[in-house]
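Chemist: Handing you this structure, nothing more for now.
Bear in mind that the values in this text are calculations on the coordinates, not laboratory data. As the structure is a prediction and not an experimental result, all values here were calculated from the model. Neighbour counts run over all protein chains shown; Cβ positions are idealised from the backbone, glycine included.
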Amino acid sequence: MTELRRLRRAGTSAVRLLVDLLPDEWDPRSGTEDICVVFADISGYSDFVAEGGDDAAMAALSILNRQVAAVIDEHRGVRVVKRLGDGVMIVTRRSPDALDTATTLVAEFDRAAVAHGWPVRLRAGAHRGTTRRHADDYFGYHVNLAARITEAAIGSQVLVTAHALAGVDLPALGLTARPAGELAAKGVSGPVDLFEVQRLDAVDDRRLVG
């Protein structure tokens, strides 16, 4: 697999917009938390909307929202921080829940997309680190890195760092991981090793759709 030494130039992607919202400075009264951050968005969404119109866009977002709600209901301590366009930011203190959430969302959304004959696919990224919390939101380098990792993923792919994998019993979750190159990007301190996480029963569909 070609090493991921570049960011996808997503233009108007929701994940890129979420990164742009991250502040450079924080209130010193804010707390810090060691959590796992998951970003997910729909790869190929802009072209899909341009071709299918608002009805297709709303149908895809409705499916994604229902699937996010279902995953949250199944995992105590997993919560949505924010939604923006076709993207979502999720946090949890348990890495196993983060990986299960990311892979489940991708698999379920892709299954629905195939059933509808849509060319779009979901992609996700996850990373664990110490973040700064203010009210109900999270900021900082590790949040930024999780978003950058998601930008580097292609449709149907879940990319994570070694920090997100640490201590996780993948077989117990029905998951597997393999090296997926390095991420070197602006704002990322040094190349970061990435791993692709898949469900053991997943269909291999790695088409780049946008």
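Chemist: Taking the Cα centroid of the range 148-188 and of the range 90-147, what is the distance between the two, rounded to the nearest whole Å?
Modeler: Cα centroid of the range 148-188 versus Cα centroid of the range 90-147: 11 Å apart.
Chemist: Sort SER156, SER43, SER95, SER189 by Cβ crowding within 10 Å, fewest neighbours at the top. If you can, show how the numbers build up before the last one.
Modeler: Values: SER156 24, SER43 27, SER95 20, SER189 7.
With the fewest neighbours first, SER156, SER43, SER95, SER189 line up as SER189, SER95, SER156, SER43.
Chemist: Something else about it: Residue by residue, what Karplus-based ³J(HN,Hα) values in Hz, rounded to whole numbers, does the range 78-93 have, using 6.51, -1.76 and 1.60 with θ = phi - 60° and x for Gly and Pro?
Modeler: My calculation for the range 78-93 gives 9, 9, 7, 8, 7, 10, 8, x, 9, x, 8, 10, 10, 10, 7, 7 Hz in order.
Chemist: Right, next: Using bins 10 angstrom wide from zero, how does P(r) for the range 29-153 break down, in % of all Cα pairs?
Modeler: With 10 Å bins starting at 0, P(r) equals 13, 45, 30, 11, 1.
Chemist: Next question, about the same structure. Over the range 114-198, consider all pairs of different Cα atoms and compute the Kirkwood hydrodynamic radius from their mean reciprocal separation; express it in Å, one decimal.
Modeler: 14.0
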